[in-house]
Amino acid sequence: MAATDWHQMWKNLGLDLAKHDQLLGVLPDIYKSVYMVPQKNRPQNMGFFEFVVGDIHGIRVKELVQAKADGKVIVGSFCLYVPDEIILALNGVNIGLCGGTNFSNFAVEGILPTNTCALIKSALGFGLGKICPYYAIADILIGETTCDGKKKAWEILANHKKVYVMETPQLKKRRQARAHFITELNDLVKALEKASGKKLTTENLKTAMIKISKKRAQLKRLYETRKANPPAISGKDALLVSQITFYDDPDREIEMIGKLAEECEQRVIKGEGVVPKGTKRILLSGTPQAIPNWKLHDIIETSGAVVVCEETCTGTRYFESTYEIRGNTTGELLERLADRYLSINCACFSPNDARMEDIKRLAKEYKADGVILYTLTFCDPYQYEAMTIEKELKKAGIKVLSINTDYAGEDTGQLKTRVEAFLESLK
Ligand code: BJ8
């Protein structure tokens, strides 16, 4: 069947068609070389996610065009601290807009300092370079005050698009931090009520909380199958699923991740895996890996190891914290949300000791042979923490390798050598 031609839709959204064609021209080859050629024995239900990535700016964007026509608000966000539940309850669709390639850097030259992390450059470049239909269709972008780079990036984006910034308290353990975050959530509700023309109610918020919790539960179920030896799914495939979850429809994700998890559970029962039993197992921890940033996973998994877990925002930080859905008022429900979000252990907050505990716990639960700390160049919060964590893990007898990189391919050979040497040391 011939692939649908989406050019008219992209044109209507104001994309730079020539540049966008270039982008979509290179993606299939990258995907093929990272996912299809080296990987064997993948779960069949990865077929759906493969289809989604193959049509990355097609059907889903069309759905959003329709959703917008039906009166929904399209929201672009860049951080786990922006609550999906509130957006969904207020008739919104939340799309994660973090970027995972340096293809878009051309658009931010002279606009962002060179020493800006690759994730911010990519995210802004996609928008300003007019090569992202998700950015183009968004009615409102929600930023947050996590790292300095992001805080300042919102000022730049605000020259081009409607941006609302929520303040995430930096010293989140302080007595006043919780109350402050709850006030911020209330203000976010007001901003989104204005944008959507809807009112937040106990019913619509509870319904949204149930749905988002179900989505996270399916991801958790899938991750559980990675604890098996051999794991039922590769790190690369699990990462792809997580990346797609940030912009796909939650109902469909519940269904499709559910099917994949079911298949992987069956594989575990039969002792089937993607790699031979006894393959070295890696826990990766650090900055989020936005689509299509598959670089480090690819290096690790083509060096004879398998990534069994990610302590990242595109990994366990996305789904591990939960809440009880109880409360008779929106205020009480917002408190549940505040507690849940404030328990995400991101390096942008201080102190963040609980992340250290998470890494040790996850290394044990997923039976990791070693931990790779992954930081993007110029990401101060995660680089600072990597130094302390490396020492702590060594003290605890856990093998660790710290890697600092960006989206460019130039250091791939050197990283591969370091990863191979690290894997050798795990024997
Ligand atoms: S909760 S990790 S999604 S802030 S890599 S832009 S921190 S300089 S992404 Fe993050 Fe929310 Fe935290 Fe998660 Fe800055 Fe670092 Fe760049 Fe980063």
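General observations
- Whichever residue in the stretch 300-314 is within 13 Å of the ligand (Cβ to nearest atom) and in a loop (DSSP other than H, G, I, E, B) and, among such residues, is farthest from K206 (Cα to Cα): T312
- Index of the failed condition, F246 passing every other in (1) over 21 Å from L373 (Cβ atoms); (2) out of contact with any strand residue (DSSP E or B) (no Cβ under 8 Å at 6 or more places or on another chain); (3) within 16 Å of the ligand (Cβ to nearest atom): (2)
- Residue list for the stretch 62-85, restricted to those being touching a residue at least 12 places away in the same chain (Cβ under 8 Å), in a loop (DSSP other than H, G, I, E, B) and among the charged types (D, E, K, R): K72
- Restricting the stretch 375-402 to residues that are assigned to a helix (DSSP H, G or I) and among the β-branched types (V, I, T), the residue that is nearest to the ligand (Cβ to nearest atom): I389
- Remark: K227 falls outside the filter, which requires a residue to be not in a loop (DSSP other than H, G, I, E, B) and not acidic (D, E).
- Of all residues in the stretch 1-43, those satisfying the criterion of being assigned to a helix (DSSP H, G or I), over 23 Å from the mean Cα position of the chain (by Cα) and not small (G, A, S) are H7, Q8, M9, W10, K11, N12, L17, K19, D21, Q22.
- Answer residue from the stretch 315-348, given it is among the hydroxyl-bearing types (S, T, Y) and assigned to a helix (DSSP H, G or I) and is surrounded by the most Cβ atoms within 10 Å (Cβ to Cβ) among those: T316
- Filtering the stretch 41-57 for residues that are polar (S, T, N, Q) and at positive phi leaves a non-empty set.
- Pairing each residue of the stretch 133-147 that is under 16 Å from Y81 (Cβ atoms) with any residue that is more than 10 Å from the ligand (Cβ to nearest atom) and among the β-branched types (V, I, T), provided the two are 6+ apart or on different chains, yields C-beta distances under 7 Å for L141/V163; I142/V75; G143/V163; G143/V165; E144/V165; T145/V165.
- The lone criterion from (1) at pLDDT 95 or above; (2) on the phi > 0 side of the Ramachandran plot left unmet by G327 is number (1).
- Here I59 fulfils each of the conditions (1) farther than 28 Å from G149 by Cα; (2) touching a strand residue (DSSP E or B) at 6+ places or on another chain (Cβ under 9 Å); (3) not polar (S, T, N, Q) apart from (2).
- Condition met for K220 (part of a helix (DSSP H, G or I) and exposed (fewer than 14 other Cβ atoms within 10 Å of the Cβ)): no
- Residue match in the stretch 395-413 (condition: surrounded by 15 or more Cβ atoms within 10 Å (Cβ to Cβ) and over 29 Å from S303 (Cα atoms)): no
- Filtered residue count, the stretch 45-81, keeping only those that are farther than 26 Å from I30 by Cα and within 16 Å of the ligand (Cβ to nearest atom): 3
- Here E385, E424, E392, E420 are screened, and the one residue that is over 30 Å from N105 (Cβ atoms) and either touching a residue at least 12 places away in the same chain (Cβ under 8 Å) or of a type in the set (V, I, T) (or both) is E392.
- Search result, residues across the stretch 352-374 that are away from the ligand (no atom under 15 Å from the Cβ) and under 28 Å from R174 (Cβ atoms): D353, M356, E357, K360, R361, L362
- Comparison of V108, V93 shows that the only residue that is closer than 17 Å to Y247 by Cα, at pLDDT 95 or above and either more than 10 Å from the ligand (Cβ to nearest atom) or surrounded by fewer than 24 Cβ atoms within 10 Å (Cβ to Cβ) (or both) is V93.
Yes or no, residue by residue, for (1) within 16 Å of the ligand (Cβ to nearest atom); (2) modelled with pLDDT under 95; (3) part of a loop (DSSP other than H, G, I, E, B); (4) buried (at least 17 other Cβ atoms within 10 Å of the Cβ):
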{"site": "I87", "(1), (2), (3), (4)": "yes, no, no, yes"}
{"site": "G100", "(1), (2), (3), (4)": "yes, no, yes, yes"}
{"site": "T114", "(1), (2), (3), (4)": "yes, no, yes, no"}
{"site": "I120", "(1), (2), (3), (4)": "yes, no, no, yes"}
{"site": "L124", "(1), (2), (3), (4)": "yes, no, no, yes"}
{"site": "I142", "(1), (2), (3), (4)": "yes, no, no, yes"}
{"site": "K152", "(1), (2), (3), (4)": "yes, no, no, no"}
{"site": "A177", "(1), (2), (3), (4)": "yes, no, no, yes"}
{"site": "F181", "(1), (2), (3), (4)": "yes, no, no, yes"}
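- Residue in the stretch 156-168 that is in a helix (DSSP H, G or I), of a type outside the set (G, A, S), in contact (Cβ under 8 Å) with a residue 12 or more places away in the chain and within 16 Å of the ligand (Cβ to nearest atom) present: yes
- Those residues of the stretch 262-275 which are among the aliphatic types (A, V, I, L, M), part of a helix (DSSP H, G or I) and within 13 Å of P231 (Cβ to Cβ), in sequence order: V268
- Some residue of the stretch 301-313 being more than 15 Å from the chain's Cα centre (by Cα), surrounded by fewer than 21 Cβ atoms within 10 Å (Cβ to Cβ), modelled with pLDDT of 95 or more and at positive phi: yes
The values are calculated or read from the model by the stated rules, or taken from the named source; none is laboratory data. Note that the structure is a prediction, hence the values are computed from the model and not measured. Glycine also receives a Cβ, built like all others from the backbone with ideal geometry; neighbour counts cover every protein chain displayed.
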